[in-house]
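Heads up: the structure comes next, in structure tokens.
The values are calculated or read from the model by the stated rules, or taken from the named source; none is laboratory data. Keep in mind that what you see is a predicted model, and the values were worked out from it rather than measured. Side chains are part of the model used for accessible areas, which takes the heavy atoms of the whole protein and leaves out ligands, DNA and RNA. Shrake-Rupley method; radii C 1.70, N 1.55, O 1.52, S 1.80 Å.
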Amino acid sequence: MLDKFVRFNAQVSRWCQWLSIAAMLLIVAITCIDVVGAKVFRWRLLGAIDIVMLAQLVAMAFAAGITLIKGRHIRVEFLVKLLPQRVQHIIDSIVLLLLLALFSVIIWHVTVLGRSFQTSGEYSATIHIPYYPFAYGIALACVPVWLIFLAQFIKTLKKSGQK
């Protein structure tokens, strides 16, 4: 059952990765158009800064899940590896529980922030792109990360229960 859950979450994270890749390509395209326009034609792309800023949010947020699955995040564990297996599992469980709590708070607060942006009508400065869809998108992108930590927490509990 847990394996099906992990595979489903990996599939969702891969889909999110494609959104992240599209955002990165948009950043490259907008930057190229803006630079070539400014240097060759003495013309600037209106709102390039806004588009790049928001695309960076999308690229970072939606890449987090697949990055975590592939083990590309930095982990500092040189001291933990020296401890007995049981203690390692306990520490891993505590860390994962704290990460679950942290991402629960992040998802909640970013959703509240999105609602605040939506009701206040806050938008970008130059081309008036509303901020609230991006806040909701960040909260949505954090859900697979939370689910990955949940699966890891369950696996760690199973490991510590077997020893």
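So what is the relative contact order of the chain, in percent, for Cα pairs below 8 Å that sit 6 or more residues apart?
The value is 30 percent.
On a 0 to 90° scale, report how tilted helix 2-40 is relative to the longest principal axis of the chain, with both axes built from alpha carbons and the result rounded to the nearest 10.
Roughly 30 degrees, rounded to the nearest 10.
Below 20 Å, Cα to Cα, which lysines can K159 reach? Residues fewer than 8 away in the same chain don't count.
Cross-link targets: K4, K81.
At a 1.4 Å probe radius, carbon and sulfur cover how many percent of the accessible area of the chain?
Its accessible area is 70 percent carbon and sulfur atoms.
With every protein chain present, what is the per residue accessible area of the chain (1.4 Å probe, Å²)?
Numbers: 10920 Å² over 163 residues.
That works out to 67 Å² per residue.
Apply the Debye scattering formula to segment 5-65, with a single equal point scatterer on each alpha-carbon and no solvent, then give log10 I(q)/I(0) at q = 0.14 Å⁻¹.
Listed by q, the Debye log ratios stand at -0.47.
Using only helices, what value at 222 nm comes out for the chain when you add -39,500 (n - 2.57) per DSSP H run of length 4 or more and divide by the total residues, to the nearest 500 deg cm²/dmol?
Working: 4 runs with 128 residues, N = 163.
Taken over the chain, the calculation gives -28500 deg cm²/dmol.
Calculate, in nm to one decimal, what K81 and S116 gain on full extension: separation in residues at 0.36 nm each, minus their alpha carbon distance. Can you show the working numbers first?
Details: separation 35, 0.36 × 35 = 12.60 nm, distance 4.42 nm.
Answer, rounded to one decimal: 8.2 nm.
For segment 69-106 and segment 113-154, write down the distance between their C-alpha centroids in whole Å.
Each part's Cα centre sits 25 Å from the other's.
For segment 137-147, what does the Karplus curve 6.51 cos²θ - 1.76 cosθ + 1.60, with θ = phi - 60°, yield as ³J(HN,Hα) per residue in whole Hz, taken in order and with x for Gly and Pro?
So the J values, rounded to whole Hz, are x, 5, 4, 5, 5, 7, 4, x, 4, 4, 5.
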